[in-house]
Structure formats: structure tokens, C-alpha cells
1. Can you tell me how many residues within segment 14-47 are closer than 13 Å to LEU93 by Cβ and hydrophobic (A, V, I, L, M, F, W, C)?
2. Across segment 107-122, which residue is nearest to SER18 (Cα to Cα) among those that are part of a strand (DSSP E or B) and over 12 Å from the mean Cα position of the chain (by Cα)?
3. Are any residues in segment 46-60 surrounded by 14 or more Cβ atoms within 10 Å (Cβ to Cβ), in contact with a strand residue (DSSP E or B) (Cβ under 7 Å, 6 or more places away or on another chain) and not aromatic (Phe, Trp, Tyr), and if so, which ones?
4. Looking for something of a type in the set (Phe, Trp, Tyr) and assigned to a helix (DSSP H, G or I) - is there at least one such residue anywhere in segment 62-70?
5. Can you tell which of ALA104, ALA37, ALA51 is closer than 21 Å to SER13 by Cβ, aliphatic (A, V, I, L, M) and over 14 Å from the mean Cα position of the chain (by Cα)?
6. On the given criteria, is TYR71 in contact with a helix residue (DSSP H, G or I) (Cβ under 7 Å, 6 or more places away or on another chain) and of a type in the set (Ser, Thr, Tyr)?
7. Just one of ILE43, ILE33 is part of a loop (DSSP other than H, G, I, E, B), surrounded by 14 or more Cβ atoms within 10 Å (Cβ to Cβ) and touching a helix residue (DSSP H, G or I) at 6+ places or on another chain (Cβ under 9 Å); which is it?
8. Please go through segment 84-101 and pick out each residue that is surrounded by fewer than 16 Cβ atoms within 10 Å (Cβ to Cβ), of a type in the set (Ser, Thr, Tyr) and either touching a residue at least 12 places away in the same chain (Cβ under 8 Å) or not in a helix (DSSP H, G or I) (or both).
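What follows is calculated from the coordinates using simple rules that are stated; it is not laboratory data. Computed from a prediction, not measured in an experiment: that's the story for all the values here. Here the Cβ is made from the backbone with ideal geometry for all residues, glycine too, and neighbour counts use every protein chain on show.
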Amino acid sequence: MGLKLFADHCVPSTVITSLNDAGHEVLKLREHIPQDAPDQVVIAKAQELSAILISLNGDFIDIVTYPPGNYNGIIALQIRNHPRSINAIMNRLTVYLSSQPDMAHYQGKLFLVEPHRIRIRA
């Protein structure tokens, strides 16, 4: 079994499909809370579900507001208005997730996923 991820409302369906195809359990925000829920509710729901939050929302990379050490893990996809980069980002992310299949690895960390690298902040 793969990792348990909680996809924010901004995560495209292609990303969710790619993660599901890679064997991960992806819980969709809209199936658990209203799509317009504030960020604090979103991350609290990810915690409640014991899932890693995956988002395109730049607010979650603010380590002062969302200190990584307080969460099960945050994966921030760095699309930056370049939707063509999604394929490269997903290739990098799925390879990384398969090489690190233990939920404990993500605990307390922020993963900034870009087409050419993954930066990790703890």
C-alpha cells in the first residue's frame, strides 16, 4: 500500500489520477469538507485523517504560519502558473514517493516539488 495523501481543492484531477495510479490513497478535500474551507481547516482535516497534505496553495509553504513540525507532512507542488510543468513535477514526485514509502519519512517536513528538484524543510 502506498502513502495516504489529502488533496487540497486546487490539486488537478490529473495529479490525483497519477498518484492513485502509483498506488497511493488520495483523499479529496471535497469529499470531506467544503471546497471553500479556510486553510486552517484544510490542514486540520489532513491531520485528522492522518494524511500528508498535497497542495498548490502557496500559503502552506509559509513555515511560520504552518510549521512543518506540527504536521504529518506537506507536499507543495510548485507549478507557478506553468501548467506544462505538471508532468515533470509528477514524474519527480512519484519517483520520490516510491523511494520513500514510509509515512514517518514525511512527518514534520515540507516538500517543495519543482520540475528539477525537491527541496525539504523541517
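1. Selection size over segment 14-47: 5.
2. This residue is ILE118.
3. Those that are surrounded by 14 or more Cβ atoms within 10 Å (Cβ to Cβ), in contact with a strand residue (DSSP E or B) (Cβ under 7 Å, 6 or more places away or on another chain) and not aromatic (Phe, Trp, Tyr): ALA46, LEU49, ALA51, ILE52, LEU53, ILE54, SER55, LEU56.
4. No, every residue in segment 62-70 fails to be of a type in the set (Phe, Trp, Tyr) and assigned to a helix (DSSP H, G or I).
5. From the options ALA104, ALA37, ALA51, the qualifying one is ALA37.
6. In short, yes.
7. ILE33
8. TYR96, SER98
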